[in-house]
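Each remark here refers to the structure printed beneath this line.
Computed from the coordinates by the stated procedures, all read-outs in this text should not be read as laboratory data. Because the structure is predicted, anything quoted here is derived from the model rather than measured. Neighbour counts run over all protein chains shown; Cβ positions are idealised from the backbone, glycine included.
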Amino acid sequence: MRTPVAGSARLEIDARPFVFQAPLYATALVIIDMQRDFIEPGGFGASLGNDVGRLEPVIPVARRMLDAWRAFGGLVVHTREAHRPDLADCPPAKRLRGNASLRIGDPGPMGRILIAGEPGNQIIDALAPIAGELVFDKPGKGAFHATGLHQQLATRGISHLLFMGVTTEVCVQTSMREANDRGYDCLLVEDATESYFPEFKAATLAMITAQGAIVGWTAASARVLDGVHA
Ligand code: TIU
């Protein structure tokens, strides 16, 4: 279970483009879509023609961040990109887009692609949620679209979000922009997020922090952990 965080614990992170400050009790760690569908062969990411091995280096970094955040007693939120088995929450435009070898809902080696409850839809073992953490199935790329995330964060007094997960320029960036528009201060942990396309990751980090943190902040995981003053 989540242990109550001390009221005086705070973050002061040496981030880009400038320092990111927040009370620990008002900050949640949001882990986007670290599910087998994107990270292992035979899932949605691979069906789109991507080299899923590119995402692997993120796993130990995300695990270190998660272990530390749990030890600090901070709120943890996990998301999964997931659709209902009847696909009622999957717009045909999403299902039919592109030239995937397997489409959402098709049977694959890890069960039906991107369907809630299937083996491929599970968060990888290294980052599996524990009691007291929030888990949201999201039908869109953004974590706030058609989920109760905003309300759940509001009832817990959360105003600041640390983002990790995959993929940087798709579900992570979309979620961070949604959060920014809802009034959260957001920081993306640079080495705990990855893309199938390195140039897209670099561009995302740059555009988030440009124009005086127009979308938010970024920092390496070591800077984030150095910046927690419990
Ligand atoms: N295709 C791709 O890069 N990403 C997704 O489809 N979903 C997420 O980013 N989770």
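A few comments on the model shown:
- Residue count for the stretch 48-65 satisfying the condition of being in contact (Cβ under 8 Å) with a residue 60 or more places away in the chain and either surrounded by 20 or more Cβ atoms within 10 Å (Cβ to Cβ) or of a type in the set (A, V, I, L, M) (or both): 7.
- Identity of the residue in the stretch 159-171, of a type outside the set (Val, Ile, Thr) and closer than 18 Å to Arg54 by Cα, that ends up surrounded by the fewest Cβ atoms within 10 Å (Cβ to Cβ): Glu169
- Residues within the stretch 130-158 that are part of a loop (DSSP other than H, G, I, E, B) and surrounded by 16 or more Cβ atoms within 10 Å (Cβ to Cβ), tallied: 9
- Of residues in the stretch 182-219 being β-branched (Val, Ile, Thr) and within 19 Å of Val58 (Cα to Cα), the one surrounded by the fewest Cβ atoms within 10 Å (Cβ to Cβ): Thr204
- Residue list for the stretch 172-181, restricted to those being within 22 Å of Leu48 (Cβ to Cβ) and either crowded, with 23+ Cβ neighbours inside 10 Å or of a type in the set (Lys, Arg) (or both): Val172, Gln173, Ser175, Met176, Arg177
- Filter pass, Glu169 being among the acidic types (Asp, Glu) and within 10 Å of the ligand (Cβ to nearest atom): yes
- Within the set Leu161, Leu188, the sole residue that is over 25 Å from Pro85 (Cα atoms), within 12 Å of the chain's Cα centre (by Cα), in contact (Cβ under 8 Å) with a residue 24 or more places away in the chain and within 14 Å of the ligand (Cβ to nearest atom) turns out to be Leu188.
- The strands (runs of 3 or more DSSP E) found wholly in the stretch 1-104 and carrying at least 2 residues that are more than 16 Å from Ile115 (Cα to Cα), within 16 Å of the ligand (Cβ to nearest atom) and not charged (D, E, K, R) occupy 27-32, 75-81.
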